[in-house]
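Comments concern the structure below.
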Amino acid sequence: MSAIREQEATSRLMIFLKEWDNGNKVTRSRILNNFITSNSGKTAPELEQEFNQGASLFLARLTTRLRLSYLLGTSLKEILQSVSIFLSASGSGRYKVEFVEVGGVLTLLEILGLKQLNEEQKMEALRTLQILARAGPKYKELICESYGHAVCSITLILCLGTGVRAVAECLAKSKMEDTQEKAQELLELLAHGNPRYQTQVYKGLIALLPCTSPKAQYLALQTLRTVQDIVQKPHPAIVEPLLGTLQTVHMEVQCEALQLIAELSRTELCSDLLQGLVALLRPSRKDGGRAKAQILEDPAAPQISAPLPVFIQQAASARAIGMLARESTDLCHQLIRLRVVHHLLYVMGNTEHTESQRQASLALEYFVSVSPVVEEQVKIAIGEKIFQMLMENPEVLYMKLDAIQVDVLVSNQVNVPRVKEVAE
């Protein structure tokens, strides 16, 4: 009787596989949906029992169909969900090896870069890659080093393993937040327990900072704070793009950037960050915008002010400086040595952007309150009246300034001679 049952089970398996092999799109779609409904969450032994020890035969057909049809997207989501059932099953080590050996990882990475595929299909590819990444370091390394044809427009990513590059580009270019979050989760997974490639993941996240997607910037900054603890030694290339994110109008991005700046201020990049922040208080002509056409050089023509992002960055820099000064006496000392007081006074006279004035006033009020030397120099430079206005309410000082007082602030030449009297 046992032999008869075995024969019947084998016969059912052969009929099932023949139906798949000879089926059209509609038939295969039905088979896939039935498989997903009936087998989600099963263990590897249960799948083997379902297929009479021939589950690998169906997995092989799924991976073949995946490689043949992914460019067209035909039933791609269902194929990926079915593959994921095999790969995520408890005791599925053999299935993972079989999937990898036929180039499954490469196919998944290729899917991420195809413009003709939709976001849901890419999200399923990311979920499948996450299943593999959770299986251990060897799979993480395989994802990172797999070679695809992804084309990158971000210079720093060009030196990365293509796996990291493909996931980073997917995060930067995706239009759906769910897809971006899946890509971010995968990058974080690839950084943990993967010493050979954790630095590449770190550089990939840095390369995302200048991208045009606020969500991608936010997720990259958030993940960088985690990955920074893993790699420990910060890369100098992070400073410029990190400060560049302060131009954003999206406050959630700016807040993440400020938190990362605060964390990096406790590393060897502190000096570079402080110099960069102080420099942003006074944007150069180059930062001020595009070259003007000759017609705009006419003195009678209206003056074109610097772009708003530059002023947003200026205000954020003043905010960051105030935050860092309050955090550490040593940072306060260093900022004063960099002539931050002179630059903050200049920003207080920027009547084209009130938030810059407000943040500069708040920061300067702190420096004055902790250093008698700064207090003395500021009082001499701007006069008793403006000084009293500053100390009474820095939040609203910008609303009370007249044209002469603005000129005094902008033209100040404060140069604090010593900083040892800053309060401990």
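Mind checking which residues of the stretch 173-191 are touching a residue at least 40 places away in the same chain (Cβ under 8 Å) and open to solvent by 20 Å² or more (accessible area, probe 1.4 Å)? Answer for the stretch 173-191, where residues must be touching a residue at least 40 places away in the same chain (Cβ under 8 Å) and open to solvent by 20 Å² or more (accessible area, probe 1.4 Å): 173, 175, 176, 178, 182, 185, 189. Being surrounded by fewer than 20 Cβ atoms within 10 Å (Cβ to Cβ), at negative phi and among the hydroxyl-bearing types (Ser, Thr, Tyr) is the requirement here; does residue 369 meet it? Yes. For the stretch 219-244, a residue qualifies if it is outside any helix (DSSP H, G or I) and polar (S, T, N, Q), and exactly one does: 232.
Can you find a residue that is among the aromatic types (Phe, Trp, Tyr), more than 23 Å from residue 118 (Cα to Cα) and crowded, with 20+ Cβ neighbours inside 10 Å anywhere in the stretch 194-204? Yes: one or more hits.
Scanning the stretch 76-90 for residues that are out of contact with any Pro (no Cβ under 9 Å at 6 or more places or on another chain) and open to solvent by 10 Å² or more (accessible area, probe 1.4 Å), which turns out nearest to residue 134 (Cα to Cα)? So, considering only residues that are out of contact with any Pro (no Cβ under 9 Å at 6 or more places or on another chain) and open to solvent by 10 Å² or more (accessible area, probe 1.4 Å), the one nearest to residue 134 (Cα to Cα) is 88. For the stretch 352-379, residues that are touching a helix residue (DSSP H, G or I) at 6+ places or on another chain (Cβ under 6 Å) and not in a helix (DSSP H, G or I) total 1. Scanning the stretch 4-40 for residues being in contact (Cβ under 8 Å) with a residue 40 or more places away in the chain and not acidic (Asp, Glu) gives a total of 16.
In the stretch 245-284, how many residues are part of a helix (DSSP H, G or I) and without any contact (Cβ under 8 Å) to a residue 60 or more places away in the chain? Steps first, answer last, please.
So in the stretch 245-284, the residues part of a helix (DSSP H, G or I) come out as 245-247, 251-264, 270-280.
Adding the requirement that they be without any contact (Cβ under 8 Å) to a residue 60 or more places away in the chain leaves 245, 251-253, 255-257, 259-260, 263-264, 272-273, 276-277, 279-280.
Residues in the stretch 245-284 being part of a helix (DSSP H, G or I) and without any contact (Cβ under 8 Å) to a residue 60 or more places away in the chain: 17 in total.
Of the residues making up the stretch 11-21, just one is farther than 17 Å from residue 60 by Cα and not charged (D, E, K, R), namely 11. Residues that are under 17 Å from residue 111 (Cβ atoms) and among the aliphatic types (A, V, I, L, M) within the stretch 162-189 comprise 164, 166, 167, 168, 171, 172, 176, 183, 186, 187, listed in sequence order. The set of residues from the stretch 57-73 being closer than 16 Å to residue 103 by Cβ and touching a Phe, Trp or Tyr at 6+ places or on another chain (Cβ under 8 Å) comprises 59, 61, 62, 63. In this structure, residue 406 does not satisfy being in a helix (DSSP H, G or I), touching a Ser or Thr at 6+ places or on another chain (Cβ under 7 Å) and within 22 Å of residue 273 (Cα to Cα).
The values are calculated or read from the model by the stated rules, or taken from the named source; none is laboratory data. Note that this is a predicted model, so its numbers are computed, not measured. Reconstructed Cβ throughout: ideal geometry from the backbone, glycine too, with neighbour counts over all protein chains shown. To get the accessible areas, we keep the full protein, side chains included, count just its heavy atoms, and leave off ligands, DNA and RNA. Shrake-Rupley method; radii C 1.70, N 1.55, O 1.52, S 1.80 Å.
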